[in-house]
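Take a look at the structure below.
The values are calculated or read from the model by the stated rules, or taken from the named source; none is laboratory data. Every value quoted in this text rests on a predicted model; they were computed, and no experiment measured them. Methodologically, a virtual Cβ is constructed for each residue, glycine included, from the backbone with ideal geometry; neighbour enumeration extends over all protein chains shown. The accessibility values were calculated without ligands, DNA or RNA, using every heavy atom of the protein model including side chains. Shrake-Rupley method; radii C 1.70, N 1.55, O 1.52, S 1.80 Å.
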Amino acid sequence: MMRNMREKEAMQWVRSPVAVFACLVALWSAAPAQNYPNRPITFVVPFAPGGLSDVPARVLAAIMQEKMGASIVVENKTGASGVLGATSVWRAEPDGYTLLINALADVQNLHYIKVPYDPITDFSLIGKITDGPPLVLVVNSNLPYKSLAELIADAKANPNKLSFGTSGAATSPAIALTQLNHATGTKIVDVPYRGSGEAASAVATGAVQATFTFFTSAKPLVDAGKVRVLAIAGKERIPAWPEVPTIQELGFPNFNHSGFVGLAGPPKLSPQIVALLNKALNQAINSDAFKARMEALGMTIPAAESNTPENFAAFMRAENARQAELASLTGHDPMAPKQ
């Protein structure tokens, strides 16, 4: 008798409009994840083709689409230091078909310009694609400096004599120069160019004496004998130049200016889709083909077991805090995202 009463109560609940609606919502929410992906996915790269975000994105797309069974296209939406492309993904439908290739600029921008979103809480973070490359300090090969110490000594003895090319305010090369001046008491002049590659070329021609530039821009010039590398502005030495010390090794703690590339989606992306994308991402980046291409760019691959959405979010929060400290050296007050 008790069993019949319970069954009757259960049937009455199921027939209620609230229960039917709840069941329909649950089924509707699960359906997209179960059928995903069934059409092309777009990776939005907020920077120009051929850049440090674009190349990993294109290699990843080619490998990852084989593992997911759906084509992946790369679309470059440039402008406003990456804010334009990121905003388009932030406003996209959370269906997993529009994803963002995010990078260091996402956490740097927050402290120099106004952005309409929070780069961490307003996106569904999926996982890191690469670490690096680091900035490296290079000087014109005709100059006498054979070490960072020699360069600093001359800069101290002759304020405003040396000029470093940078890629403009609020970019990693300019921030690195500000930190160097702050740490050493030097007054090296910042000469802005349209990119770190152009600044490196200016060093090669002697237009400026030195620059912090990314490994990919420096290596061809070093190989050609046009510039000399003095130090690595990253946590570790670079395998291609094992004899070149890091700036941290030379007595400047926390001097770390390395990029990263990651994958994120619009806010409220289904946890099932995030998990599926994270799995496919880790499989792709740990393939021999992907590792080989990234090693040539001075980039390293995060370990699959630790490359989770949660750890990626923790990394972004830590990097955001570090960039706030660096921004304070430039005289900028850390900005909160626009509400």
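The table that follows gives values for the structure above.
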{"quantity": "Residue among GLN248, GLN108, GLN34 with the largest mean-square fluctuation in a Gaussian network model of the chain, springs linking Cα atoms under 10 Å", "calculated": "GLN34"}
{"quantity": "Spatial separation of Cα centroids for the range 161-211 and the range 218-288, in angstrom", "calculated": "20 Å"}
{"quantity": "Whole-percent pair-distance distribution, where bins are 5 Å wide, for the alpha carbons of the range 102-181", "calculated": "3, 11, 18, 18, 15, 11, 10, 6, 6, 2, 0"}
{"quantity": "Around ASP95: net Lys/Arg minus Asp/Glu count, Cβ-Cβ under 15 Å", "calculated": "+2"}
{"quantity": "Qualifying lysines (Cα of each under 26 Å from Cα of LYS268; at least 8 residues distant if same chain)", "calculated": "LYS67, LYS77, LYS114, LYS128, LYS279, LYS338"}
{"quantity": "Rg to Rh quotient for the range 40-175, alpha carbon positions, Kirkwood Rh", "calculated": "1.10"}
{"quantity": "Solvent-accessible area, 1.4 Å probe, carbon plus sulfur percent, for the range 88-158", "calculated": "51 percent"}
{"quantity": "Note, ³J(HN,Hα) from phi for the range 84-99, Karplus 6.51, -1.76, 1.60, rounded to Hz, x at Gly and Pro", "calculated": "4, x, 5, 4, 5, 6, 4, 8, 6, 5, x, 10, x, 9, 10, 10"}
{"quantity": "Cleavage-rule hits, GluC sites (Glu not before Pro), the range 228-272, DSSP coil, Cβ neighbours within 10 Å at most 10", "calculated": "GLU243"}
{"quantity": "Integer Hz, Karplus 6.51/-1.76/1.60 couplings in order for the range 221-226, x for Gly and Pro", "calculated": "6, 5, 4, 7, x, 8"}
{"quantity": "Per-residue HN-Hα couplings for the range 240-248 [Karplus 6.51, -1.76, 1.60; θ = phi - 60°; Hz; x = Gly/Pro]", "calculated": "5, 10, x, 7, 8, x, 7, 5, 5"}
{"quantity": "Accessible surface of the range 180-339, 1.4 Å probe, proportion on carbon and sulfur as whole %", "calculated": "54 percent"}
{"quantity": "Which of PRO133, LEU230, LEU276, positive extreme of dipole for the chain (C-beta unit charges)", "calculated": "LEU276"}
{"quantity": "Qualifying lysines (Cα of each under 21 Å from Cα of LYS156; at least 8 residues distant if same chain)", "calculated": "LYS146, LYS187"}
{"quantity": "For the range 210-267, the spread of Cα positions along each principal axis, largest first, Å", "calculated": "47, 29, 22"}
{"quantity": "Computed magnitude of the charge dipole of the chain (debye, nearest 20; Cβ of K, R +1, Cβ of D, E -1)", "calculated": "380 debye"}
{"quantity": "Rounded accessible area per residue of the chain, 1.4 Å, Å²", "calculated": "48 Å²"}
{"quantity": "C-alpha long axis of helix 17-35 to longest principal axis of the chain, angle in °", "calculated": "40 degrees"}
{"quantity": "C-alpha long axis of helix 148-157 to longest principal axis of the chain, angle in °", "calculated": "60 degrees"}
{"quantity": "Cα long-axis angle, helix 196-205 against the chain (0 to 90 degrees, to the nearest 10)", "calculated": "20 degrees"}
